[in-house]
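The structure appears right after this line, and notes come after that.
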Amino acid sequence: MASTIFRSLHSHPFLFHPTALIRRKDVILYCTMRSAQTQTATQEKVKPQVKVSPHGTQSKALEKASKDYEAVIGIETHVQLNTLTKAFCSCPYNYGSPPNTSVCPICMGLPGALPVLNLKVIESAVKVGLALNCKLSLNSKFDRKQYFYPDLPKGYQISQFDVPIATSGYIDLDLPLEFGGGHRKFGITRVHMEEDAGKLLHSEGGSYSQESTFLFVLTINIVLLLISYKRVNYILVDLNRAGVPLLEIVSEPDMRNGIEAAEYAAELQRLVRYLGVSNGNMQEGSLRCDVNVSVRPIGQLQFGTKVEIKNLNSFSSVSRAIDYEISRQVLLHSQGQDKEIVQETRLWEEGAQKTVTMRKKEGLADYRYFPEPDLPGVFLTTDYVDGIRNSLPELPETKRRRYEKMGLSVQDVLFLANDMNVAEFFDTTITKGADVKLATNWIMGDIAAYMKNEKLTINEIKLTPQELAELIASIKDGTISGKIGKEILFELLAKGGTVKGLIEAKDLVQIVDPAEIEKWVEKVLSENPKQLEQYRGGKTKLQGYFAGQVMKLSKGKANPGLLNKILLEKLNAKS
C-alpha cells in the first residue's frame, strides 16, 4: 500500500502542509490534493467576466437581444425514497443522524461485501413510472457508473443506463395565475433507480473544485488523512447517505423559462408526496434538481451548448438561477462570445445571485458504464404492475380536474390540491355535507391563516372535517351568526371539541325573535340621538355603526338579516 501511495504522489507533485490532519476515527483514508491546473470558482474571478447587470445600457442591450433567442431547459431530478432501509443493505437512513452511524461493509464498499436489492425500491419506481404516464420496462437491469470522488466509497455508483425501468412519459401541471396561468405538459425522458453517494463537508474558506483524490480503505486501523495543497482546507466525509435509494427523473428539454422549470419541480414534489414514496423536502436533500440550460436563436432546431446548474435548494432558486443563466448566455451570444459558453457544471451562489464554474462536464464515455455483475436483472410481471396501478391514489392532476368540475376557481383548485393532506381534509368535509364553496373559503381563509401563524400542518390542528361541516351547517341554517362561527372556529382549532357542545356551553344560539331584536334596536337608537340625526341627514353609512352597537348589546347573537331589516325600518321611520 505504501508504495502505491508514493507512486501516486510522485505522479501528482504537491506540497505537504503543516496543518495536515491525522485522525483515528473515520472509516476511510483519503489523500487529497489540488493540481495547479484546476479551475475553481475563486479562480474564475481572474478571468474576464461577462457581468449580467439589471441596470444601464447593458440591461437594454440584453432585453433587446433576448427577443432573438429562446432558452431550452431540461431538469434531472433526484428523488430520495423513504424506504426503511437503504437500496442494497439493511442500514436505516435517518436525516440528521450523527455522521457515519448508519453504515456497513456494503454501503462502505468494503471488499467481498455483496449488495442485495431492496424490493420496495422497485415498487416505488413502478409507482412513479405509472404516475408519470411512462412505458415500463418489464425487463431491466442495473449498471455500474464509474467515477472517482471522495464521497463514493466503491469507486462506482450502482445505477441504470441503457435499460431504465421507465421511459417516454409526461406530466401535466397548471401554472398559478400570478405567473400567467395556463396548462402545461412536459415530457419525461426516463425514470431510473440508483443509489446515493455520501456527503462532503467542506471546511471554512473552501471552494468547489475538481480534485485529484486517492482513496484507500482500511479494515483494521481506521484513519482519515487529509492533505491540502495551496490552502488550509480539509474535507470531512459522511457516508450515512451512501447507498440510500434514489429515483432519477429526467425531463425532456420542454421548458422555456425559470417559472416553468420551478413549477415542473414543484409538481414532481407534489406527485411523490401523493404517492407516499418520498417526503420531497428540498432542504433535506430528499428532492434535488440539476438544471440543464442552453439558448439558441429563435427558429433554430439545433440545441445550443448545454450548461448544468447545481446547488439549487428551493424552487425560487431554480427559477432565479435559470433566468440568470439565460441572461448570461444570451449576452455572450449578442457580444459574439458564444464560444465562451462551454459544456460545464456551474453552481448557483445564492448570496451573489449568480452562477459560477464548478467543473467541466463529464461525458457518458467518462463513466464507463457496464452491467452490474453482483445484481440480477429486474423482471416485472403484468400482474405485479396492474396491482400497483390499482393501488395508486388520486393524483394531483386528476384531483385538480375534479375540483374544477365542482365549480371552484383556478386559485381555489391550486391551493386545495397543492397539499395532499389539505385536499383530504377538504374532501372529507364535503362528504359530511358541507357546501363546497363555503368549505373552500373557510379552509383557504381563517384555517390557513391560523396554521401559518401557529406554524402547524392541517394534521396538527384540533379541528376535524366533521366539525367544520357542522359549523358551516350551523351558520347556514341560522343557528349561529358568522361572527359567532368564527369564535367557535378558533376555539375548535386550538382546543378541539364539538360545535354543538360549544354553542350550548356558551349559550351562543342565535336570537331570531323579532320582538327581542326590536327592543335592542330601539335602545341603541335612543342612546345615540346625535348619530341618528346625522343618518337621517344623509350620512347613511352610519347604519353599520348602529348594527355594530346592536350586535354588541346582543353579544353577537342577534340574527344579522333580521337585525338589518328591523334597523332600516326604524332608521327610516318618520319621527
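The values are calculated or read from the model by the stated rules, or taken from the named source; none is laboratory data. Values in this document were obtained by computation on a predicted structure and should not be read as measured data. A quick note on method: Cβ atoms are made from the backbone with ideal geometry, for glycine too, and the neighbour counts reach across all protein chains shown. Side chains are part of the model used for accessible areas, which takes the heavy atoms of the whole protein and leaves out ligands, DNA and RNA. Shrake-Rupley method; radii C 1.70, N 1.55, O 1.52, S 1.80 Å.
Once the Cβ-Cβ distance between Asn390 and Glu569 is put in as r, and R0 is 56 Å, what FRET efficiency do you end up with, to the nearest 0.05? Show your work: numbers first, answer last.
Working: r = 63 Å, r/R0 = 1.13.
Given R0 = 56 Å and the Cβ-Cβ separation, E is 0.35.
Under 15 Å from a point 7 Å along the Cα-to-Cβ line of Ser66: which residues of segment 327-344 have their amide N that close?
So the set is 327-334.
Beyond 28 Å between alpha-carbons counts as too far, so tell me which of Lys310/Lys455; Lys154/Lys360; Lys432/Lys452; Lys432/Lys462; Lys432/Lys565; Lys432/Lys541 fall in that bin.
Working: Lys310/Lys455 30 Å; Lys154/Lys360 23 Å; Lys432/Lys452 25 Å; Lys432/Lys462 17 Å; Lys432/Lys565 33 Å; Lys432/Lys541 40 Å.
Over 28 Å Cα-Cα: Lys310/Lys455; Lys432/Lys565; Lys432/Lys541.
Quote to one decimal, in nm, the extra length available between Leu301 and Tyr545 on full extension: 0.36 nm per residue of separation minus the C-alpha distance between them.
Values: separation 244, 0.36 × 244 = 87.84 nm, distance 6.76 nm.
Roughly 81.1 nm would be gained on extension.
Net charge near Arg270, counting Lys/Arg +1 and Asp/Glu -1 over other residues with Cβ under 12 Å of its Cβ? Intermediate results must be reported in sequence, preceding the final value.
Values: positive: Arg273, Lys399, Arg400; negative: Asp172, Asp174, Glu263, Glu267, Glu397, Asp419.
That sum, taken over residues with Cβ under 12 Å, equals -3.
With the radius of gyration and the Kirkwood radius both derived from the Cα set of segment 293-366, what is their ratio Rg to Rh?
Numbers: Rg = 12.7 Å, Rh = 13.0 Å.
Using Cα coordinates only, the ratio equals 0.98.
Taking square-rooted eigenvalues a ≥ b ≥ c of the alpha carbon gyration tensor, is segment 348-440 rounded, prolate or oblate, where a/c under 1.5 means rounded and, failing that, a/b exceeding b/c means prolate? Mind dumping the intermediate values first?
On the way: a/c = 4.20, a/b = 1.51, b/c = 2.78.
It is oblate, given that a/c is not under 1.5 and a/b is not larger than b/c.
Using a 1.4 angstrom probe, figure out how much accessible area segment 144-190 has per residue, in square angstrom, rounded to the nearest whole.
It amounts to 41 Å² per residue over segment 144-190.
Taking the Cα centroid of segment 466-498 and of segment 245-282, what is the distance between the two, rounded to the nearest whole Å?
If we compute the Cα centre of each part, the gap is 38 Å.
Could you give the distance between the Cα centres of segment 127-176 and segment 297-351, to the whole Å?
Segment 127-176 and segment 297-351 have Cα centres spaced 25 Å from each other.
Percent of accessible area on segment 153-195 owned by carbon and sulfur, 1.4 Å probe? Don't jump to the answer; show the numbers that get you there.
On the way: 810 of 1560 Å².
Carbon-and-sulfur percentage of accessible area, whole number: 52.
May I ask you to give the solvent-accessible area per residue for segment 351-442, in square angstrom, as obtained with a 1.4 angstrom probe? Spell out each step's value before the answer.
Working: 5100 Å² over 92 residues.
Roughly 55 Å² per residue, with all protein chains present.
If the cut-off is 16 Å between C-alpha atoms, which aspartates and glutamates fall inside it for Lys145, apart from same-chain ones fewer than 8 positions away?
Filter leaves Asp162, Glu194, Glu195, Asp196, Glu248, Glu362, Asp366, Glu372, Asp374.
Compute the length gained on full extension between Val342 and Gln466: take 0.36 nm times their separation in residues and subtract their Cα-Cα distance, giving the result in nm to one decimal.
Numbers: separation 124, 0.36 × 124 = 44.64 nm, distance 5.93 nm.
Gain on stretching Val342 to Gln466: 38.7 nm.
What does the charge count around Val509 come to, taking other residues whose C-beta lies under 12 Å from its C-beta (Lys +1, Arg +1, Asp -1, Glu -1)? Walk me through the numbers on the way to the answer.
Values: positive: Lys500, Lys506, Lys555, Lys557; negative: Asp477, Glu504, Asp507, Asp513.
That sum, taken over residues with Cβ under 12 Å, equals 0.
Please sort 461-473, 240-252 by packing, taking for each peptide the average over its residues of neighbouring beta carbons within 10 angstrom, highest first. Show your work: numbers first, answer last.
Details: 461-473: 20.4, 240-252: 23.9.
Averaged packing, sorted descending, gives the order 240-252, 461-473.
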